Amino acid sequence: MANLRHLQILRRCFVRNSFPRLHLAPHLIRRPKIINPATVRYCRRYSSCSSDDITDLRERILLLTEKPTSVTQDGDVDDIRSQVSSLADELLAAGHLANLEDDDDLTDLAAFLDSRSAVSLLRHSPSGLAFVELLSRLKTRPRLAVQVFLWRLKLADAGVQLVPEEYAKAISLAGRSNKADLAGDLFTDAGRRGIRSTGMYNSLMAAYMYNCLASKAISVFEDLTRDPACEPTIVTYNILLSVYGRLMLIDKLENLLKQIHEHPHISPNLSTYNILMAAYLTAWMWDRMENTYKGMIRGHVKPDTFTHFLMLRGYAHAGNVEKMEETYELVKDMVNRSVSPLVRAMICAYCKSSVKNRVSKIEELTKHIPEGEYRPWLNVLMIRLYAQEGLLDAMEKFISEAVNREVRVIAIGVMRSIISSYFRCDSIDRLIKFIRLAECAGWKLCRSLYHCKMVMYGQRNQIDGMHGALQEMEHFRFDRTKKTFLIMYKAYSKAGRRSEAEIVVGMMCKNGFLDPKAALLF
């Protein structure tokens, strides 16, 4: 009866719809301010390219739990795994179960599992292999997996013994379900049953980290160090390193790394180095990121693809195009095929650089971005790139796309790049069309738009056109400045309208833009 009541408590915990989450800005990828259909802001950190979007590259280190290597593989392992695979496929295919919600009744799930002889399968695998394998195959549906584990707890009360690896996997999945409190309750329940392992501590730390509960993750680590029955492993330290890295607590991270090096039985592994490089990347500490990579090589730890992804992103953000290109060649095929956030990061690096053929390199990279992954900030970046290169047709193509997608640009720097491009190409008709488009689309208007229009009219001696541009400027409540009067003065002088030019000089004196004595020089 007590066991049943305890299960009901766990059940109610899982039914809760929300838990407080600590939103920690340091681990978030910085992006330009984008509002669609409102605002796109041109920003220094186009990044990540946070997380644009992106399947975050740190996903691999969010849940670093122990592998169930200690599960004894009794009996016909292949046969057990085959049965588990079939059961998992049926669970995922059952629509009413695959989409099981927190507040649904477990009756249907229990009936389904009973009809598939799941209990018999578990009894034939007393080491826990079958159930650990089942939870692993259900990881794409963590909520369903946790519900299956709650059903498993009933069997434990009926005599089917639980093993630590089952709890470790369930705790991890509860964390993935954004149910950090449930993960903690499962850990407590395991302790009540006399079950404890380092893997369970690691799973709980990872669950708290995944849910941005850094202080709780650190507290679990402290509990582990005080537990005489368990000892931290390199996985434990890796999770704690990741916590410090996401918070950009670099001093604590490096102190912990020193402890790892000094530990008699623990050595850094591949995940350790990847986590360190991800932390330095988050903190924009490029030199330390590169030094960590070199230390990895000296330590005879072979980099993997994820390592090169981190280095590629780091070099891209640092603007080190040469090393970025060298690293890109190592993972080029995989990046082009499935890691579009890195492709966007490279495009950003090329846009901020002055390397030769940057346009052709960028256009080659854009071919590898899927059509469905439109990014307003990248669109604006391309507008500025083509504006700087004076490629009006390509620039206007991206301007048109931004307008069609109801994206508003409010970055003055981007607007001035567009203006300068039209001015250098002496294309007043296109400038006029763009200004009208910007006014209708709600883009950031600036005085420079109308000044440029006035200058180009003045160069053609089209004084009426210049007057029209002046009226438009005043319509949008841009006051006349000294530059406005100088443009008018030069236009009148070039057109031979000396009396009007002198009137402009008088107006400059009247408005305090020109000293009366200096007016004699005009």
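The values are calculated or read from the model by the stated rules, or taken from the named source; none is laboratory data. Everything quoted here is computed from the prediction, not taken from an experiment. Using ideal geometry, Cβ is built from the backbone for each residue, glycine included, and neighbour counts are taken over all protein chains shown.
For segment 148-181, how many residues are of a type outside the set (A, V, I, L, M, F, W, C), part of a loop (DSSP other than H, G, I, E, B) and surrounded by fewer than 20 Cβ atoms within 10 Å (Cβ to Cβ)?
First, the residues of segment 148-181 that are of a type outside the set (A, V, I, L, M, F, W, C): 152, 154, 157, 159, 161, 164-167, 169, 172, 175-179, 181.
Checking which are part of a loop (DSSP other than H, G, I, E, B) leaves us with 159, 161, 177-179.
Subsequent filtering for residues that are surrounded by fewer than 20 Cβ atoms within 10 Å (Cβ to Cβ) retains 159, 161, 178.
Count: 3.
If you scan segment 381-400, which residues turn out to be over 18 Å from Leu437 (Cα atoms) and of a type in the set (S, T, N, Q)?
Of everything in segment 381-400, just one residue is over 18 Å from Leu437 (Cα atoms) and of a type in the set (S, T, N, Q), namely Gln388.
On the given criteria, is Lys302 among the charged types (D, E, K, R) and either at pLDDT 95 or above or in a loop (DSSP other than H, G, I, E, B) (or both)?
On the way: among the charged types (D, E, K, R): yes; either at pLDDT 95 or above or in a loop (DSSP other than H, G, I, E, B) (or both): yes.
For Lys302, the condition - among the charged types (D, E, K, R) and either at pLDDT 95 or above or in a loop (DSSP other than H, G, I, E, B) (or both) - is met.
Can we say Ile435 is surrounded by 14 or more Cβ atoms within 10 Å (Cβ to Cβ) and over 24 Å from Val409 (Cα atoms)?
On the way: surrounded by 14 or more Cβ atoms within 10 Å (Cβ to Cβ): yes; over 24 Å from Val409 (Cα atoms): no.
Considered against the rule, which asks whether it is surrounded by 14 or more Cβ atoms within 10 Å (Cβ to Cβ) and over 24 Å from Val409 (Cα atoms), Ile435 comes out as no.
Just wondering, is there one or more residues in segment 191-202 that are in the same structural domain as Leu129 (by TED's automatic domain parsing), more than 22 Å from Leu224 (Cα to Cα) and not in a helix (DSSP H, G or I)? Explain how you work it out, then say what you get.
Our first condition is that a residue be in the same structural domain as Leu129 (by TED's automatic domain parsing); within segment 191-202, this holds for 191-202.
Now narrow it down to the ones that are more than 22 Å from Leu224 (Cα to Cα): none.
Within segment 191-202, not a single residue is in the same structural domain as Leu129 (by TED's automatic domain parsing), more than 22 Å from Leu224 (Cα to Cα) and not in a helix (DSSP H, G or I).
Does segment 208-221 contain any residue that is in the same structural domain as Arg143 (by TED's automatic domain parsing), at pLDDT below 95, closer than 18 Å to Leu134 by Cβ and not in a helix (DSSP H, G or I)?
No, the conditions are met nowhere in segment 208-221.
Taking only segment 103-135 into account, find how many residues are within 40 Å of the chain's Cα centre (by Cα), exposed (fewer than 15 other Cβ atoms within 10 Å of the Cβ) and either closer than 19 Å to Asp89 by Cβ or among the β-branched types (Val, Ile, Thr) (or both).
Qualifying residue count for the region: 2.
Counting only residues that are part of a helix (DSSP H, G or I) and touching a helix residue (DSSP H, G or I) at 6+ places or on another chain (Cβ under 6 Å), how many does segment 360-373 have?
Count: 3.
Pairs under 9 Å by beta carbon, first residue among the β-branched types (Val, Ile, Thr) in segment 388-403, partner in a loop (DSSP other than H, G, I, E, B), six or more apart or different chains?
Hits for this filter: Val403/Trp443.
Residue by residue through segment 416-446, note down the ones that are aromatic (Phe, Trp, Tyr) and either in contact with a Leu (Cβ under 6 Å, 6 or more places away or on another chain) or under 16 Å from Ala469 (Cα atoms) (or both).
Tyr422, Phe423, Phe434
How about segment 431-522: which helices (runs of 4 or more DSSP H) wholly inside it have at least 2 residues that are more than 28 Å from Phe398 (Cβ to Cβ)?
Ranges flagged: 463-475, 482-494, 498-510, 516-519.
Quick one: which residue in Ile418, Ile410, Ile503 is under 25 Å from Arg384 (Cβ atoms), at pLDDT below 95, out of contact with any Pro (no Cβ under 8 Å at 6 or more places or on another chain) and not polar (S, T, N, Q)?
Working: Ile418 fails: at pLDDT below 95; Ile503 fails: under 25 Å from Arg384 (Cβ atoms).
Answer to the check: Ile410.
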